[in-house]
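Visitor: Provided herewith is a single structure, encoded as structure tokens, for subsequent inquiry.
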Protein chains: 2
Amino acid sequence: MATHTVQNLKESKDRYASTFISGSLALPPAKEYLVLTCMDARIDPAAAFGIDLGDAHVIRNAGALAQDALRSIVISQQLLGTQEILLIKHTGCGMLIFQDEDACGVVKQNLGDEAHQELRTRNIQFGPFPNLEKAVEDDVALLKNSKLVSDSIAISGWVYEVETGRVKQIV
Amino acid sequence: MATHTVQNLKESKDRYASTFISGSLALPPAKEYLVLTCMDARIDPAAAFGIDLGDAHVIRNAGALAQDALRSIVISQQLLGTQEILLIKHTGCGMLIFQDEDACGVVKQNLGDEAHQELRTRNIQFGPFPNLEKAVEDDVALLKNSKLVSDSIAISGWVYEVETGRVKQIV
């Protein structure tokens, strides 16, 4: 039996496909940039950041962590030609309100010792941060210092306010 | 001097914020699910998959790789209560058209030996896949077999067609 979520996806795609006219866009992003932002449910990057279909890669993970996005960033730049990175974290981020050891404890309690061990096997660290603007600065610095990001790439760091729909530039 | 990309972001956010009325949405996704899809510029998850603001986490990386998303998935489920995963890869994906060693070679040639070394230090593997539907099946299996994903989580696997705007279920 389809869940409500699956049912919603099926209905939505029929609606979307019925008026879809963008079937011949090229693989490389037309405007040659990438946005790295958080998976947070309150962010709609296309609408909030003005990204038209086909224009930019959008990478999203918990907290918009640069380290976690490096694989995708290298592919975006070295194989698909993007030249600029907008790194956008946001107010009210879940990553501001827990510690790595809290999350590890929850995994151990809810999922058991084998799951806790798998965190180590897979080298997973949750990477929460206590200060939002500093986290933006640190992650922009990580990208600027990484040899995997060419010096020619423009990188800026931003905070999106989930309360107002605005972004402000940090770096 | 602001780049065109930065200028576009500044103009878009003023437009978006001027009609923004969703400033009091809660942090946990209202519909308790997460979508894992690709960073590809031709995908607009909110529109194509019917995700209203606040409803679902959206994780995106090059190829919608499950392994690369596990940190975010654990945070989404164990700390923010999501109960279901839609894994959606897509036709025409860049991950279908290169080999890991090609990408490593490009990094070495364009960015130098230190960058190539950093791939190893950071344990980055690009993770391309030659067969789209098999990749969906494999990644759904990875999530189902991982101890980090509770057995109670519903997981389905899909392919989005960038040519038509449709999705079809694989698993």
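Every number in this text was worked out from the coordinates using simple rules, so none of it is lab data. It should be emphasised that the depicted structure is a prediction, and the values quoted were computed from it without experimental measurement. Because the Cβ atoms are built from the backbone with ideal geometry, glycine has one as well, and the counts that use them run over all protein chains shown.
Visitor: Quick one: dipole size for segment A:1-68, taken about the Cα centre, charges +1 on Lys/Arg Cβ and -1 on Asp/Glu Cβ, in debye to the nearest 20. It would help to have the intermediate numbers written out before the result.
Guide: Values: 6 positive and 8 negative charges, 34 e Å.
Roughly 160 debye for segment A:1-68.
Visitor: On to the next question. Show me, bin by bin at 5 Å from 0, the whole-percent P(r) of chain B based on Cα pairs.
Guide: 1, 7, 14, 16, 16, 16, 14, 10, 5, 1, 0
Visitor: Using a label position 7 Å from Cα in the Cα→Cβ direction, what is the ascending list of nm distances from A:Ile97 to the same site in the other copies?
Guide: Spelled out, the distances from A:Ile97's label point are 4.3 nm.
Visitor: Another question, if that's okay. Taking a ≥ b ≥ c as the square roots of the Cα gyration tensor eigenvalues, with a/c under 1.5 meaning rounded and otherwise prolate when a/b beats b/c, else oblate, which class fits segment B:10-90?
Guide: Here segment B:10-90 falls in the oblate category.
Visitor: Across the residues of A:152-160, average count of Cβ atoms on other protein chains within 10 Å?
Guide: For this peptide, the per-residue mean of nearby foreign Cβ atoms is 2.
Visitor: Find every distance from the label point of A:Lys10 to the corresponding label point in the other copies (7 Å from Cα along Cα→Cβ) and write them in nm, one decimal, shortest first.
Guide: 4.8
Visitor: Determine the shape class of the protein assembly as shown: with a ≥ b ≥ c the square roots of the Cα gyration tensor eigenvalues, call it rounded for a/c under 1.5, and otherwise prolate if a/b is greater than b/c, oblate otherwise.
Guide: The shape class here is rounded.
Visitor: Towards the positive end of the charge dipole of the protein assembly as shown, with charges on Cβ (+1 Lys, Arg; -1 Asp, Glu), say which of A:Ile75, A:Ala17, B:Pro45 has the farthest Cα.
Guide: It is A:Ala17, whose Cα lies furthest towards the positive end.
Visitor: Using only atoms on other chains, find how many Cβ atoms lie within 10 Å of each Cβ of peptide B:6-12 and report the average.
Guide: 6
Visitor: While we're on this one: Taking a point 7 Å out from Cα toward Cβ as the label site, list the nm distances between B:Gln169 and the same residue in every other copy, smallest first.
Guide: When each copy's label point is compared with this one, the spacings are 4.7 nm.
Visitor: Say R0 is 25 Å: what FRET efficiency, to the nearest 0.05, do A:Glu163 and A:Asp138 get from their beta-carbon distance? Walk me through the numbers on the way to the answer.
Guide: Working: r = 23 Å, r/R0 = 0.94.
E between A:Glu163 and A:Asp138, to the nearest 0.05, is 0.60.
Visitor: Counting alpha carbon pairs within less than 8 Å and at least 6 residues apart, what relative contact order, in whole percent, applies to segment B:35-160? Don't skip to the end; give the middle numbers.
Guide: Working: 147 pairs, mean separation 39.9, N = 126.
That works out to 32 percent.
Visitor: In A, who owns the beta-carbon nearest the axis carrying A over to B, and how many Å from it?
Guide: A:Arg60, 2
Visitor: Order of B:50-62, A:16-28 by packing, highest average Cβ count within 10 Å first?
Guide: Order by mean packing, descending: B:50-62, A:16-28.
Visitor: OK, next. So how do B:32-41, B:86-95 stack up, highest first, on mean other-Cβ count within 10 Å?
Guide: Result, highest mean first: B:32-41, B:86-95.
Visitor: How large is the dipole of the protein assembly as shown about the Cα centre if only Lys and Arg carry +1 and Asp and Glu carry -1, each at its Cβ, rounded to the nearest 20 debye?
Guide: I would put it at about 220 debye.
Visitor: Have a look at segment B:66-124 and give its Rg and Dmax from the Cα atoms, expressed in angstrom.
Guide: Looking at segment B:66-124, its Cα Rg and Dmax stand at 16.1, 44 Å.
Visitor: Evaluate the charge dipole of chain A about its Cα centre and quote only its size in Debye, nearest 20, assuming +1 on the Cβ of each Lys and Arg and -1 on the Cβ of each Asp and Glu.
Guide: 300
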